[in-house]
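S.K.: One structure is given below, represented as structure tokens, and several questions about it will come after.
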Amino acid sequence: MYRDYLGPGVMKTMKQLYNNLEHLDLIVPETKEFFLRRYQLMKLIEIFGPIGRRSLSSKSNLSERQVRNDADFLKDKGMIIYQPDGMLISDKGISMIEILEEFANHYYGFNHLKKIIIEELGIKDIVIVDSHVDDFKATLSYMGLEGAKLLNKNLKNGDIVGLTGGTSVYNVVNNFYLKSKKYEGITLVPARGGLGRSAKYQANTLVENLAKKLHVNYMPLYTPDFLSLEVIKHLKEDPDIRKTMDIIQNINLLVFGIGKADVMAKRRNLSNLQYNEIMAAGAVSEAFGYYFNGEGEIVHEISTIGISLDNFKALERLIAIAGGVDKAKAIVSISKINKNLVLVTDYDCAKEIIKILGR
């Protein structure tokens, strides 16, 4: 990584500089403006590249002239690459973004929020990305990119990795990039059965797509998520499904999205009676067939196929991707079930979590 290339002496100097940014701003107040503008452009190019100047101008809310000037500067420094179909981030640029992330978090005010949320929820870590109020798809892309980086850092040879479906995990897989690192003995598996109609976001599809990027094996699970106990028992008699289910219960790294109770109940086409019972019980989140209230207590259970709640509670490595203000209550609820959680969310959602926590 470029971090290693810089050497420990330079990194120590950068850390000292980070600790004294307030003093730097007093002497060179324009530092913050220049830094955040160019850092934002690099992040946008990393996510959406190859991207043209006009599209980058629209996404960054900067004039095309300003984008051109900053892009030329970044190109001269080797941070981005010009191609006929648009601008791309370079390997040097990707590494520089990683190095400068703490500076950006300080300027954006993310570090203060991270400290409070980690202390209050007791979770392992949290990554906060910028919110795009007018384009939540861009926010999802940001979260997906950070989730993909976390996954790559957490992967170990021999892992059994579980993925749930949904747009959040889809963006993780879509933004996953493996340059030269190779893994051995990894198996990817859906953490739950199919849910919803779009095959694009199904766990089976995401597992297959990520397996192709990692060049590893995967096991499909061609069943719906919501099934009766009798049907589940019958399915488990099938050797292939039994084999996949055994692997699912041995997942040791999970990447999942966090569902709102009302949305998940409707997606499963539950009866009005069941839906009303779940909502009346105070459910705010759903995971693996269990509906939880704000304190992380089970208020309703339905029969599903996939990873069990006991396995979820025992996991030491799990990455949750969830953003948007409306997901805050669900995040707080799920975070109380397993404190090993590493959360990727956005700034607006993080602020809402702070409000819920009374801070």
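S.K.: So which residues in segment 316-355 are closer than 20 Å to Gly109 by Cβ, of a type in the set (Val, Ile, Thr) and either surrounded by 24 or more Cβ atoms within 10 Å (Cβ to Cβ) or free of Cβ contacts under 8 Å to residues at least 40 places away in the same chain (or both)?
M.R.: Passing the criteria: Val325, Ile331, Val344, Thr345, Ile353.
S.K.: Which one is nearest to Gly166 (Cα to Cα) among residues in segment 233-263 that are modelled with pLDDT of 90 or more and in contact with a Leu (Cβ under 8 Å, 6 or more places away or on another chain)?
M.R.: Ranking the candidates gives Phe256 first.
S.K.: Let me ask another. Output the residues belonging to segment 265-282 that are touching a residue at least 24 places away in the same chain (Cβ under 8 Å) and touching a Leu at 6+ places or on another chain (Cβ under 9 Å).
M.R.: Arg267, Arg268
S.K.: Check Ile117, Ile80 and return the single one that is more than 21 Å from the chain's Cα centre (by Cα), at pLDDT 95 or above and surrounded by 19 or more Cβ atoms within 10 Å (Cβ to Cβ).
M.R.: When all the criteria are applied, what remains is Ile80.
S.K.: Now for a different question. State which residue is surrounded by the fewest Cβ atoms within 10 Å (Cβ to Cβ) when the search covers only segment 53-77 and only residues that are among the hydrophobic types (A, V, I, L, M, F, W, C) and farther than 25 Å from Tyr177 by Cα.
M.R.: Top of the filtered list is Phe73.
S.K.: Those residues that are assigned to a helix (DSSP H, G or I) and closer than 25 Å to Phe136 by Cβ, I need them from segment 56-65; list them, please. Reasoning before the result, please.
M.R.: Here is the first cut: in segment 56-65, the ones assigned to a helix (DSSP H, G or I) are 56-60, 64-65.
Leu56, Ser57, Ser58, Lys59, Ser60, Glu64 - these are the residues of segment 56-65 that are assigned to a helix (DSSP H, G or I) and closer than 25 Å to Phe136 by Cβ.
S.K.: Which of the residues that make up segment 115-148 are among the charged types (D, E, K, R), in contact (Cβ under 8 Å) with a residue 40 or more places away in the chain and outside any strand (DSSP E or B)?
M.R.: Selection gives Glu120, Lys124, Asp130, Asp135, Glu146.
S.K.: Let me ask something else. With buried (at least 18 other Cβ atoms within 10 Å of the Cβ) and not β-branched (Val, Ile, Thr) as the only criterion, which of Asn152, Asn157, Asn175 stands out? Don't jump to the end; show me each part of the working.
M.R.: Values: Asn152 fails: buried (at least 18 other Cβ atoms within 10 Å of the Cβ); Asn157 fails: buried (at least 18 other Cβ atoms within 10 Å of the Cβ).
Just one listed residue meets the conditions, Asn175.
S.K.: Just one of the numbered conditions (1) under 30 Å from Leu357 (Cβ atoms); (2) among the aliphatic types (A, V, I, L, M); (3) over 25 Å from the mean Cα position of the chain (by Cα) is not true of Leu235; which one?
M.R.: Tallying (1) under 30 Å from Leu357 (Cβ atoms); (2) among the aliphatic types (A, V, I, L, M); (3) over 25 Å from the mean Cα position of the chain (by Cα), Leu235 fails exactly one: (1).
S.K.: Of these, Asp135, Asp85, which one is out of contact with any helix residue (DSSP H, G or I) (no Cβ under 6 Å at 6 or more places or on another chain) and farther than 25 Å from Cys349 by Cβ?
M.R.: Asp85
S.K.: Being closer than 23 Å to Asn276 by Cα, surrounded by fewer than 18 Cβ atoms within 10 Å (Cβ to Cβ), modelled with pLDDT under 95 and hydroxyl-bearing (Ser, Thr, Tyr) is the requirement here; does Ser308 meet it?
M.R.: No: the conditions fail for Ser308.
S.K.: Sticking with this one: Pick out the one residue from Tyr201, Tyr142 that is touching a Phe, Trp or Tyr at 6+ places or on another chain (Cβ under 7 Å) and of a type in the set (Phe, Trp, Tyr).
M.R.: Tyr201
S.K.: Could I ask something else about it? Please find, within segment 180-201, the residue that is surrounded by the fewest Cβ atoms within 10 Å (Cβ to Cβ) out of those that are at pLDDT below 90 and outside any loop (DSSP other than H, G, I, E, B).
M.R.: Ranking the qualifying residues of segment 180-201, first place goes to Ala199.
S.K.: Report, by residue number, each residue of segment 69-94 that is in contact with a Leu (Cβ under 9 Å, 6 or more places away or on another chain), touching a residue at least 40 places away in the same chain (Cβ under 8 Å) and not in a strand (DSSP E or B).
M.R.: Scanning segment 69-94 gives a single hit, Gly93.
S.K.: Okay, moving on. Quick one: would you say His23 is closer than 19 Å to Ser131 by Cα and either at pLDDT below 90 or not in a helix (DSSP H, G or I) (or both)?
M.R.: No, not satisfied.
S.K.: Further question: For segment 282-339, how many residues are among the small types (Gly, Ala, Ser) and closer than 19 Å to Val161 by Cβ?
M.R.: Selection size over segment 282-339: 6.
S.K.: Follow-up. Between Ile302, Ile337, Ile278, which is modelled with pLDDT under 90, assigned by TED's automatic domain parsing to the domain that holds Val161 and either touching a helix residue (DSSP H, G or I) at 6+ places or on another chain (Cβ under 9 Å) or among the aromatic types (Phe, Trp, Tyr) (or both)?
M.R.: Going through Ile302, Ile337, Ile278 in turn, the sole match is Ile302.
The values are calculated or read from the model by the stated rules, or taken from the named source; none is laboratory data. Small disclaimer: the values here were computed from a predicted structure and weren't measured. No Cβ is skipped: glycine too gets one built from the backbone with ideal geometry, and neighbour counts run over all protein chains shown.
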